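Please read the structure below before turning to the comments.
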Amino acid sequence: MKDEGQSKYYRGLEIREDVCVGCSHCMKVCPTEALRVSEGKAAIHPELCIDCGQCYRVCPTRAIRVVDDDFQKIFNYKHRVLLIPNLFFSQFEEKMEPDIIASIIGDMGFTEICPVEQGVDYLIEEMNNYIEKSSDKPVISSYCPAVVRLIQVKFPSLVDNIMTLLPPLEITAKYILTKYEEEGVSLDEVGIFYLTPCAAKIAAIKDPVGGYASPITGAINMDLLYSKVMLAYKQKNFGSGNIKNDDNITSNAIRWSTTKGEANATRGVSLAIDGIQNVIEFLEKVENGDIEGVDFLELRGCDESCSGGILVRGNRFLVADNLHKRASLAPWVNPNIKDYRRICAPYIRFDDVQPRMFMKYGSDIKVAIRKMEDVRNLIKLLPGIDCGCCGAPSCESLAEDIVRGGKEVNNCVFMQVKNEKQGKLKVDEAIDIMEKIWGKKYDS
Amino acid sequence: MVLEYKVEGGDFTQAGNVSSSVKKVLKQLGINPVVIKRVVVALYEAEVNIVAHAYRGVVTATLDDEGIRIVLDDEGPGIASIEQAMVKGYSTASKEVREMGFGAGMGLPNIKDNADEFTITSKVGVGTRLDIYIHYV
């Protein structure tokens, strides 16, 4: 694992150095400019990475890995519960009914499954209360962990707008765990696993914000489970799986993970935005104080929200459409709502989210200002076309890297040509520089 | 460090560019987010004032060790009564400007509330100069 130093932040994504060919596709799409290429490999800057998964989508060699838990880990527990997002079922063809899928999952070794959105109905009550009382408007949903991390890293002045109510995943997990406890089961015997559609949710479980510790034992890769289920189905290898399945789910809960799922279910003026670039564009406006009269913002990192998660195999538009169809047939009332209230009310709030301030130029303001001036002067020298040939995503980021140390002006091909012409740089030296960034990409 | 920007009167599509750019610099310096918010709100209001009322203007932001000074110099009609302009809710913005969601008359008082130092001078028929200072801590 290649990193720019150790980090205190857990990440849901990592680069497999043995597979990475240093093509820089990931570097170009990273919304926080957290990636660089050097010595022919991509490296993630851990303080800036928000686990949004844009890099994972574009990697042509599948060198970016989701840091999920080993499937065998489930057998450390007597009670093995899998929390399943509804969209998982919406990926399969109609004749593969949820009951069949459930029994296949039972064959794999899980003893119980539960829709992860079951806690939504109780959350809606709390959210309406929270939004009404909040003085930091617009309230921003805590649902998408990539967005929460984006705000911590890029929009530190908006951390107080993040709703400090747990997402449905954590509410449902707490509920199930408490139910076992109430039945007298020792909690050491219960493993709660989450079937994740993305990397950000893994980071959120392992390293939650707001001083909260998740009771969830591990994350299972949805992509992997999809393949396992399909395989069993195609080989007609199912039917014996005995599994407890509390599939109570309301239409609000089924819709929750789709775009507008939260916005349509809450009172007041709500707006739903999906896609990380769209979210960034809008948060810029919020930060400028340019948005008035909006009570609640549902912001999702992926296009089509969780249906577009990086570990979702089905087409995002079809999955979302399927969810809406199923939601229209589902009941409106959660029969367990009273129990959810009783069990989860003491836990539903977490502490304020802290910004992830990254002091690019150190903590001494005098030095930092001088360094920033150096950066601005360097930018004037560079061509401004953001070609990425220097191993940094933009001319600006190269200038920053030079001032922070470790990079040089001659990493820029334009500067190389200029300096070669002026006799300040030999061709061999230029080739050495390029090989240091990209590795040996050709025979020299 | 001195940052300089030009602002064109009447061009609302560009309104907010200066505050976004200054905001980016302050974030990179690691300034307290609460302070950044005050700078951005004040600067955005002031920037919109130039767009809404003046013909053109220049914004100069100077960062020293303790804070940021922002001077907004515009060529425009000027303000006849600064005293009146400082009253919350008072506005001379045109109907068109108001229809775009600006011109509620909260601009100048809002800027003053967010700034540590606030000086405004204006000459009718010439232009207005706004000078604010906000401490980092």
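One table, with the values for the structure above:
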| item | result |
| --- | --- |
| Top-ranked residue in segment A:180-192 [being farther than 17 Å from A:S214 by Cβ and not aliphatic (A, V, I, L, M); ranked as nearest to the chain's Cα centre (by Cα)] | A:E189 |
| Test: A:F358 is touching a Leu at 6+ places or on another chain (Cβ under 8 Å) and surrounded by fewer than 19 Cβ atoms within 10 Å (Cβ to Cβ) | yes |
| Exclusive hit being at pLDDT 95 or above and not assigned by TED's automatic domain parsing to the domain that holds A:C30, set A:G309, A:G293 | A:G309 |
| Condition check for B:L26: in contact (Cβ under 8 Å) with a residue 24 or more places away in the chain, more than 13 Å from the chain's Cα centre (by Cα), within 9 Å of chain A (Cβ to nearest Cβ) and open to solvent by less than 80 Å² (accessible area, probe 1.4 Å) | no |
| Filter pass, A:R356 being under 22 Å from A:T32 (Cα atoms), of a type in the set (K, R) and not assigned by TED's automatic domain parsing to the domain that holds A:L195 | yes |
| Selection count, segment A:233-267, where residues are within 29 Å of the chain's Cα centre (by Cα) and not basic (K, R) | 20 |
| Selection within segment A:322-334 - open to solvent by less than 90 Å² (accessible area, probe 1.4 Å) and more than 22 Å from the chain's Cα centre (by Cα) | A:N322, A:H324, A:R326, A:A327, A:S328, A:A330, A:P331, A:N334 |
| Any chance A:T111 is more than 16 Å from A:L311 (Cβ to Cβ) and not assigned by TED's automatic domain parsing to the domain that holds A:K234 | no |
| Residue in segment A:166-173 that is hydroxyl-bearing (S, T, Y), buried (at least 24 other Cβ atoms within 10 Å of the Cβ) and not in a strand (DSSP E or B) present | yes |
| Test: residue in segment A:424-436 that is within 14 Å of chain B (Cβ to nearest Cβ) and open to solvent by 90 Å² or more (accessible area, probe 1.4 Å) | no |
| Condition met for A:C389 (of a type outside the set (S, T, N, Q), touching a residue at least 12 places away in the same chain (Cβ under 8 Å), touching a Lys or Arg at 6+ places or on another chain (Cβ under 6 Å) and more than 14 Å from every other protein chain (Cβ to nearest Cβ)) | no |
| Entirely in segment A:1-108, the strands (runs of 3 or more DSSP E) that have 3 or more residues that are in contact with a strand residue (DSSP E or B) (Cβ under 7 Å, 6 or more places away or on another chain) | A:13-15, A:41-44, A:64-66, A:79-84 |
| Test: residue in segment A:138-152 that is closer than 22 Å to A:Y122 by Cα and either assigned to a helix (DSSP H, G or I) or open to solvent by 30 Å² or more (accessible area, probe 1.4 Å) (or both) | yes |
| Enumerated strands (runs of 3 or more DSSP E) restricted to segment A:205-315, each holding at least 1 residues that are touching a Lys or Arg at 6+ places or on another chain (Cβ under 8 Å) and open to solvent by 20 Å² or more (accessible area, probe 1.4 Å) | A:270-274 |
| In segment A:361-389, the residues that are among the aliphatic types (A, V, I, L, M) and open to solvent by less than 90 Å² (accessible area, probe 1.4 Å) | A:I365, A:V367, A:A368, A:I369, A:M372, A:V375, A:L378, A:I379, A:L382 |
| Any chance B:I31 is at pLDDT 90 or above and within 14 Å of chain A (Cβ to nearest Cβ) | yes |
| Test: B:Y55 is open to solvent by 60 Å² or more (accessible area, probe 1.4 Å) and either in contact (Cβ under 8 Å) with a residue 40 or more places away in the chain or under 26 Å from B:V137 (Cα atoms) (or both) | yes |
| Meets criteria (surrounded by fewer than 23 Cβ atoms within 10 Å (Cβ to Cβ), without any contact (Cβ under 8 Å) to a residue 24 or more places away in the chain and either at negative phi or part of a strand (DSSP E or B) (or both)) for B:V34 | yes |
| Residue selected from segment A:337-355 under the condition crowded, with 18+ Cβ neighbours inside 10 Å and not aliphatic (A, V, I, L, M), by the criterion nearest to the chain's Cα centre (by Cα) | A:P355 |
| Tally, over segment A:281-307, of residues that are out of contact with any Leu (no Cβ under 7 Å at 6 or more places or on another chain), within 14 Å of chain B (Cβ to nearest Cβ) and among the hydrophobic types (A, V, I, L, M, F, W, C) | 2 |
| Candidate set from segment A:127-137 (those that are charged (D, E, K, R) and at pLDDT below 95); member that is surrounded by the fewest Cβ atoms within 10 Å (Cβ to Cβ) | A:D136 |
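Residue-wise test of (1) in a strand (DSSP E or B); (2) in contact with a helix residue (DSSP H, G or I) (Cβ under 8 Å, 6 or more places away or on another chain); (3) open to solvent by 70 Å² or more (accessible area, probe 1.4 Å).
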{"site": "B:A61", "(1), (2), (3)": "yes, yes, no"}
{"site": "B:L72", "(1), (2), (3)": "yes, yes, no"}
{"site": "B:E83", "(1), (2), (3)": "no, no, yes"}
{"site": "B:K88", "(1), (2), (3)": "no, yes, yes"}
{"site": "B:T92", "(1), (2), (3)": "no, yes, yes"}
{"site": "B:E96", "(1), (2), (3)": "no, no, yes"}
{"site": "B:V137", "(1), (2), (3)": "no, yes, yes"}
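The values are calculated or read from the model by the stated rules, or taken from the named source; none is laboratory data. Not measured: the values here are computed from a predicted model. With ideal geometry, Cβ positions are generated from the backbone for all residues, glycine too; neighbour counts draw on all protein chains shown. All accessible areas refer to the heavy atoms of the entire protein, side chains included, with ligands and DNA or RNA removed. Shrake-Rupley method; radii C 1.70, N 1.55, O 1.52, S 1.80 Å.
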